[in-house]
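Working notes, beginning with the structure itself.
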Amino acid sequence: MKKIIIINGPNLNLLGQREDDIYGKDTLDEIKNKCEKKGKEQNLEVNFYQSNNEGEIINKIHEASSLYDGIIINPAAFTHSSIAILDSLRAINKPKIEIHLSNIYSREEYRKKSITSEGVNGLICGFGGNSYILGIEAIAKLIYKE
Ligand code: DQA
(Lines give C-alpha, C1' and ligand atoms only; values in the text may rest on other atoms or scores of the structure.)
Protein backbone atom coordinates (compact mmCIF):
# COMPACT_ATOMS: atom_id res chain seq x y z
CA MET A 1 0.00 0.00 0.00
CA LYS A 2 1.25 3.51 -0.81
CA LYS A 3 1.85 5.84 2.12
CA ILE A 4 1.16 9.54 2.59
CA ILE A 5 1.96 11.98 5.34
CA ILE A 6 -0.45 14.73 6.36
CA ILE A 7 1.54 17.55 7.97
CA ASN A 8 -0.19 20.15 10.14
CA GLY A 9 1.41 23.42 11.13
CA PRO A 10 1.19 25.72 14.16
CA ASN A 11 -1.92 26.07 16.33
CA LEU A 12 -3.79 23.29 14.53
CA ASN A 13 -3.42 21.24 17.73
CA LEU A 14 -6.01 23.68 19.14
CA LEU A 15 -8.70 22.88 16.57
CA GLY A 16 -12.15 22.51 18.09
CA GLN A 17 -11.49 25.20 20.70
CA ARG A 18 -9.81 27.80 18.50
CA GLU A 19 -11.97 30.26 16.49
CA ASP A 20 -14.50 27.53 15.79
CA ASP A 21 -16.64 29.92 13.71
CA ILE A 22 -13.77 29.92 11.17
CA TYR A 23 -12.18 26.51 11.63
CA GLY A 24 -15.11 24.33 12.73
CA LYS A 25 -15.78 22.20 15.80
CA ASP A 26 -13.81 19.08 14.85
CA THR A 27 -10.65 18.50 16.85
CA LEU A 28 -7.44 17.53 15.04
CA ASP A 29 -7.84 14.00 16.41
CA GLU A 30 -11.32 13.74 14.89
CA ILE A 31 -9.97 14.96 11.54
CA LYS A 32 -7.13 12.43 11.84
CA ASN A 33 -9.62 9.56 12.34
CA LYS A 34 -11.65 10.66 9.31
CA CYS A 35 -8.47 10.90 7.23
CA GLU A 36 -7.35 7.39 8.21
CA LYS A 37 -10.76 6.01 7.22
CA LYS A 38 -10.72 7.90 3.90
CA GLY A 39 -7.17 6.73 3.29
CA LYS A 40 -8.20 3.07 3.59
CA GLU A 41 -10.95 3.64 1.01
CA GLN A 42 -8.36 5.16 -1.33
CA ASN A 43 -5.80 2.41 -0.69
CA LEU A 44 -3.48 4.80 1.14
CA GLU A 45 -1.82 4.44 4.53
CA VAL A 46 -2.25 7.82 6.21
CA ASN A 47 0.34 9.12 8.67
CA PHE A 48 -0.69 12.24 10.55
CA TYR A 49 1.67 14.80 12.06
CA GLN A 50 1.38 18.18 13.78
CA SER A 51 4.08 20.58 14.92
CA ASN A 52 4.24 24.18 16.04
CA ASN A 53 7.88 24.31 14.98
CA GLU A 54 9.02 25.32 11.49
CA GLY A 55 12.24 23.26 11.57
CA GLU A 56 10.39 20.10 12.64
CA ILE A 57 7.93 20.56 9.76
CA ILE A 58 10.85 20.92 7.34
CA ASN A 59 12.47 17.73 8.72
CA LYS A 60 9.16 15.89 8.21
CA ILE A 61 8.97 17.11 4.60
CA HIS A 62 12.54 15.85 4.03
CA GLU A 63 11.56 12.41 5.41
CA ALA A 64 8.97 12.12 2.66
CA SER A 65 11.63 11.55 0.01
CA SER A 66 12.41 8.12 1.49
CA LEU A 67 9.35 7.24 3.61
CA TYR A 68 6.22 8.45 1.81
CA ASP A 69 4.63 8.52 -1.64
CA GLY A 70 3.00 11.92 -1.20
CA ILE A 71 2.51 14.89 1.12
CA ILE A 72 -0.62 16.75 2.16
CA ILE A 73 0.26 19.86 4.11
CA ASN A 74 -1.67 22.49 6.00
CA PRO A 75 1.21 24.85 6.84
CA ALA A 76 -1.22 27.08 8.85
CA ALA A 77 0.29 30.56 9.44
CA PHE A 78 3.63 29.46 7.88
CA THR A 79 1.70 29.43 4.56
CA HIS A 80 2.03 33.18 4.43
CA SER A 81 5.62 33.57 5.55
CA SER A 82 7.84 30.53 5.13
CA ILE A 83 10.22 30.49 2.18
CA ALA A 84 12.04 27.72 4.10
CA ILE A 85 9.00 25.44 3.95
CA LEU A 86 8.50 26.35 0.27
CA ASP A 87 12.11 25.39 -0.50
CA SER A 88 11.75 22.07 1.34
CA LEU A 89 8.58 21.25 -0.62
CA ARG A 90 10.34 22.10 -3.89
CA ALA A 91 13.13 19.69 -2.94
CA ILE A 92 10.74 16.70 -2.77
CA ASN A 93 9.77 15.19 -6.08
CA LYS A 94 6.53 13.51 -4.98
CA PRO A 95 2.85 14.47 -5.29
CA LYS A 96 2.10 17.33 -2.88
CA ILE A 97 -1.19 19.06 -2.03
CA GLU A 98 -1.70 22.10 0.18
CA ILE A 99 -4.94 22.35 2.12
CA HIS A 100 -6.65 24.85 4.39
CA LEU A 101 -9.82 24.60 6.44
CA SER A 102 -10.80 28.19 5.69
CA ASN A 103 -10.92 29.98 2.35
CA ILE A 104 -7.71 32.01 2.71
CA TYR A 105 -8.74 34.19 -0.27
CA SER A 106 -11.89 35.45 1.48
CA ARG A 107 -10.14 36.57 4.67
CA GLU A 108 -7.61 39.21 5.73
CA GLU A 109 -5.26 40.63 3.05
CA TYR A 110 -2.21 39.01 4.71
CA ARG A 111 -3.73 35.54 4.24
CA LYS A 112 -4.38 35.99 0.52
CA LYS A 113 -0.81 35.12 -0.46
CA SER A 114 0.27 31.49 -0.08
CA ILE A 115 4.05 31.28 -0.42
CA THR A 116 4.14 27.54 0.23
CA SER A 117 1.59 26.69 -2.50
CA GLU A 118 4.25 27.54 -5.10
CA GLY A 119 5.87 24.22 -4.13
CA VAL A 120 2.85 21.90 -4.49
CA ASN A 121 0.76 20.39 -7.28
CA GLY A 122 -2.46 22.04 -6.13
CA LEU A 123 -4.34 23.81 -3.37
CA ILE A 124 -7.69 23.00 -1.73
CA CYS A 125 -9.20 25.48 0.72
CA GLY A 126 -12.46 26.56 2.24
CA PHE A 127 -14.21 23.24 2.93
CA GLY A 128 -13.50 22.93 6.66
CA GLY A 129 -12.44 19.40 7.67
CA ASN A 130 -13.54 18.21 4.23
CA SER A 131 -10.54 20.01 2.72
CA TYR A 132 -8.50 17.13 4.19
CA ILE A 133 -10.82 14.51 2.67
CA LEU A 134 -10.72 16.22 -0.75
CA GLY A 135 -6.94 16.42 -0.43
CA ILE A 136 -6.74 12.65 0.08
CA GLU A 137 -8.91 12.04 -3.01
CA ALA A 138 -6.74 14.40 -5.05
CA ILE A 139 -3.44 12.89 -3.93
CA ALA A 140 -4.71 9.34 -4.58
CA LYS A 141 -5.35 10.37 -8.18
CA LEU A 142 -1.83 11.78 -8.50
CA ILE A 143 -0.15 8.78 -6.81
CA TYR A 144 -2.10 6.10 -8.70
CA LYS A 145 -2.11 8.23 -11.90
CA GLU A 146 -5.87 7.89 -12.34
C1 DQA B 1 -5.27 27.85 7.99
C2 DQA B 1 -5.31 29.28 7.44
C3 DQA B 1 -4.12 30.09 7.94
O4 DQA B 1 -4.19 31.42 7.44
C5 DQA B 1 -4.11 30.15 9.45
O6 DQA B 1 -2.95 30.81 9.91
C7 DQA B 1 -4.26 28.82 10.09
C8 DQA B 1 -5.18 27.84 9.51
C9 DQA B 1 -6.53 27.05 7.60
O10 DQA B 1 -6.46 25.81 7.65
O11 DQA B 1 -7.57 27.63 7.27
O12 DQA B 1 -3.70 28.56 11.16
O13 DQA B 1 -4.15 27.19 7.43
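The values are calculated or read from the model by the stated rules, or taken from the named source; none is laboratory data. Remember, predicted model here, so these are calculated numbers, not experimental data. When we count neighbours, we look across all protein chains shown, and the Cβ atoms used for this are built from the backbone with ideal geometry, even at glycine. To get the accessible areas, we keep the full protein, side chains included, count just its heavy atoms, and leave off ligands, DNA and RNA. Shrake-Rupley method; radii C 1.70, N 1.55, O 1.52, S 1.80 Å.
Side notes on the structure shown:
- Annotation: Phe48 fulfils all but one of (1) open to solvent by 40 Å² or more (accessible area, probe 1.4 Å); (2) in a loop (DSSP other than H, G, I, E, B); (3) within 16 Å of the ligand (Cβ to nearest atom); the unmet one is (2).
- Glu108 among the charged types (D, E, K, R) and open to solvent by 60 Å² or more (accessible area, probe 1.4 Å): yes
- Of all residues in the stretch 52-67, none satisfies being free of Cβ contacts under 8 Å to residues at least 60 places away in the same chain, in contact with a Lys or Arg (Cβ under 8 Å, 6 or more places away or on another chain) and within 13 Å of the ligand (Cβ to nearest atom).
- Test: residue in the stretch 2-15 that is over 21 Å from Phe78 (Cβ atoms), touching a Leu at 6+ places or on another chain (Cβ under 8 Å) and open to solvent by 30 Å² or more (accessible area, probe 1.4 Å): yes
- Residue match in the stretch 82-104 (condition: polar (S, T, N, Q), over 19 Å from Ala138 (Cα atoms) and open to solvent by 20 Å² or more (accessible area, probe 1.4 Å)): no
- Within the stretch 17-29, residues that are farther than 16 Å from Asn103 by Cα reach partners that are assigned to a loop (DSSP other than H, G, I, E, B) and within 12 Å of the ligand (Cβ to nearest atom) with beta carbons closer than 7 Å, at six or more positions or on different chains, in the pairs Arg18/Asn11; Asp26/Leu15; Asp26/Gly129; Thr27/Leu15; Leu28/Leu15.
- Per-region count, the stretch 25-40, residues out of contact with any strand residue (DSSP E or B) (no Cβ under 9 Å at 6 or more places or on another chain) and surrounded by 18 or more Cβ atoms within 10 Å (Cβ to Cβ): 1
- Selection count, the stretch 126-137, where residues are among the aliphatic types (A, V, I, L, M) and within 18 Å of Met1 (Cβ to Cβ): 1
- Scan of the stretch 96-119 for residues that are within 10 Å of the ligand (Cβ to nearest atom), without any contact (Cβ under 8 Å) to a residue 40 or more places away in the chain and hydrophobic (A, V, I, L, M, F, W, C), ordered by number: Ile99, Ile104
- Flag if Tyr132 is surrounded by fewer than 20 Cβ atoms within 10 Å (Cβ to Cβ) and in contact (Cβ under 8 Å) with a residue 12 or more places away in the chain: no
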